[in-house]
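Written below as structure tokens is the structure these notes are about.
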Amino acid sequence: MYSLIIFDWDGTLMDSEAHIVESMQAAMLEQQLEVLSATTVRNIIGLGLPEAVHTLYPDLPEEPRKALCEGYSHHFVAGNPATLELFPEAEVVLTDLKAAGLRLAVATGKTRKGLDRLLAYNNWHSYFHGSRCADETSSKPHPQMLHELLAEFDCPPEQALMVGDTEFDLAMAANAGIDSVGVSYGVHDVPRLQQYRPRLVIDHLTELRDWLLC
């Protein structure tokens, strides 16, 4: 039924929520801005960085906004990448899906530099056939990154599936005309995900594997 499985990264494959929140709050403090709550910051995970910062501080002028973006990137990269791990069972699920002949891709709000750094550090490049990042196309929930992946793999929309933990992921899938699966262990709660009519919402990635390979 599906030949291309497209994963979000943060909150879906990687347990990076706390590091993202801490990095953004450190940048806020550094820029002498109101330090917003962890809940507020979590709500923008999944967006491209400029879009996330604009959502957090819609009235912030351009220069301070750019400085906040740069500060966040500095704090995120300065953290030890060894502390960022895939969710339990993620590697075995990716291995099993790839072995079954499915093509795997990533569609993320991260920058290309940020994603490539993590893939290289942990030797995860081999799991994925392709990827799109927010700084090389439109940010979620715009469907452009999915359209580009569909074109790259010559995959019709009905044979692609988007897997994500935020409403931005599932809205992007709906905007691109492809099916989606939500994960309950990430950033947004299940009612927010269900607004976009995912095929299912899972609590563990092994459920996705079992559903796809049954």
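What follows draws every value from the coordinates through simple rules; no lab data is involved. This structure is a prediction, so every number in the text was calculated from the model and none was measured. Neighbour counts run over all protein chains shown; Cβ positions are idealised from the backbone, glycine included.
For region 41-47, backbone phi angles converted through the Karplus equation (6.51, -1.76, 1.60; θ = phi - 60°) give residue-by-residue couplings of 5, 4, 5, 9, 4, x, 7 Hz, Gly and Pro being listed as x. Compactness of region 17-81 is given as radius of gyration and Dmax, 10.6, 33 Å, from Cα positions. By the count of other C-beta atoms within 10 Å, a proxy for reagent exposure, SER16, SER138 are ordered fewest to most as SER138, SER16.
With the highest mean first, a sort of the peptides 91-98, 26-33 on other beta-carbon atoms found within 10 angstrom per residue produces 91-98, 26-33. Here LYS66 is the anchor, and the aspartates and glutamates within straight C-alpha reach of less than 19 Å, apart from those fewer than 8 places off in the same chain, are GLU22, GLU30, GLU34, GLU51, ASP135, GLU136.
Between ASP59 and ASN175, full extension at 0.36 nm per residue minus the direct alpha carbon distance yields a gain of 39.0 nm. Applying the Karplus relation 6.51 cos²θ - 1.76 cosθ + 1.60 with θ = phi - 60° to region 160-166 yields 3J(HN,Hα) values of 10, 9, 9, 10, x, 10, 10 Hz, where x marks Gly and Pro.
Which parts of region 131-167 would a label at HIS125 reach, counting a residue when its backbone N lies under 16 Å from a point 7 Å out along Cα-to-Cβ? Inside the label zone: 131-132. The Cα-based radius of gyration of the chain, divided by its Kirkwood radius, gives an Rg/Rh of 0.96.
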